[in-house]
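The values are calculated or read from the model by the stated rules, or taken from the named source; none is laboratory data. Note that the structure is a prediction, hence the values are computed from the model and not measured. For neighbour counting, all protein chains shown are included, and Cβ atoms are generated from backbone atoms with ideal geometry for every residue, glycine included. Note: areas computed on protein heavy atoms with side chains; ligands, DNA, RNA excluded. Shrake-Rupley method; radii C 1.70, N 1.55, O 1.52, S 1.80 Å.
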Amino acid sequence: MIERLTVFCGSTPGHDPRWVELAHSVGRDLARRGIGVVYGAGGGGLMGALAQGALDEGGEVIGVIPTFMIEREWGRDDLTEVHVVETMHERKALMADLTSAFLALPGGMGTLEEVFEVWTWRQIGLLDKPVGFLDADGFWTPLMDSLRGISQAGFMSRASLDDIVVAPDLDSALAGLESRGVGTRMLRPLT
């Protein structure tokens, strides 16, 4: 069972208000299920909405943020826990330690970088925690089409592609992550 879920998502709201609503509802629904949220401690965009949704329901919200982001006033300090680290690498390693699984909501370059890194770690045996994409309203469909093309070209195994969860809603995403065996620890140290 998933105890905590690391969620990667946009630090901006995007152009369509449904993405902010989605992030808020994911935070709310995770809290209602007793699943803690681990995220990058951002205060704006989808990140802020995710945290607020969970906090509004009394859920656990753990933020991990580098010092330079605090200096730019990008974080929030009203979370259940806030861990301040020095580097982005430390941030991602701690987020990976604190979680059972990973889920990407809509986002941009940072979201992609984070989810691809943990997916890679899973493929090379650094962690055993499942990775998924919440493909609400087909947001991630163009990316999945590209990944299938990469696999067909021989640069990604079909097994790697089949290992990720791609689900249209939170219920399906959580079921898919749990079916892949929720991880409990890092298999090898990252440093």
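Between 0 and 90 degrees, rounded to the nearest ten: what's the tilt of helix 109-123 against the longest Cα principal axis of the chain?
Taking the Cα atoms of the chain, the angle to 109-123 is about 50 degrees.
In nm, what is the difference between 0.36 nm times the number of residues separating L112 and D171 and their Cα-Cα distance? Please list the in-between numbers first.
Values: separation 59, 0.36 × 59 = 21.24 nm, distance 2.20 nm.
Full extension of this stretch gives 19.0 nm more.
Could you give the nm distance between label points at V82 and S25, where each point is 7 Å from its Cα heading toward the beta carbon?
Each label point lies 7 Å from its Cα, and together they span 3.0 nm.
Under a Cβ-Cβ cut-off of 13 Å, what is the net charge of the residues other than A167 that fall near it, where Lys and Arg count +1 and Asp and Glu count -1?
Surrounding charge for A167 is -4.
What's the longest uninterrupted piece of the chain once you rule out the trypsin sites (Lys or Arg not before Pro) that are loop residues per DSSP with at most 16 other Cβ within 10 Å?
Values: sites that count: R33, R72, R185.
It works out to 73-184.
HN-Hα J couplings of region 33-48 from phi, Karplus 6.51/-1.76/1.60, θ = phi - 60°, integer Hz, Gly and Pro as x?
8, x, 9, x, 9, 10, 7, x, 6, x, x, x, x, 5, 4, x
Considering amide H positions built from the backbone, and no H for Pro or chain starts, which residues 5 or more places from V61, or on another chain, come under 5 Å of its amide H?
V37, T80, E81
If you rank V7, V82 by how much accessible surface each has, with a 1.4 Å probe, what is the order from largest down? Don't jump to the answer; show the numbers that get you there.
Values: V7 5, V82 60 Å².
Putting V7, V82 in descending order of accessible area: V82, V7.
Considering only DSSP beta bridges with both partners in the chain, what is the antiparallel share in %, to the nearest 5? Before the final figure, lay out each step's value.
On the way: 2 of 23 bridges.
Of those bridges, close to 10 percent are antiparallel.
Over the chain, give the accessible area per residue in Å² for a 1.4 Å probe, as an integer.
Ligands and nucleic acids excluded, the result is 47 Å² per residue.
Counting alpha carbon pairs within less than 8 Å and at least 6 residues apart, what relative contact order, in whole percent, applies to the chain? Could the numbers behind the result be given before it?
Details: 378 pairs, mean separation 40.9, N = 191.
Relative contact order here is 21 percent.
Go through region 97-106 residue by residue and turn each phi into a ³J(HN,Hα) via Karplus (6.51, -1.76, 1.60, θ = phi - 60°); whole Hz please, and just put x for glycine and proline.
5, 7, 10, 9, 6, 10, 9, 9, 9, x
Report, to the nearest whole %, how much of the accessible area of the chain belongs to carbon and sulfur atoms, 1.4 Å probe, protein only.
On the way: 4710 of 8940 Å².
Carbon plus sulfur share of accessible area: 53 percent.
With a 1.4 Å probe and all protein chains in place, put E71, E114, E90 in order of accessible area, largest first.
Details: E71 140, E114 25, E90 85 Å².
The residues order as E71, E90, E114, largest area first.
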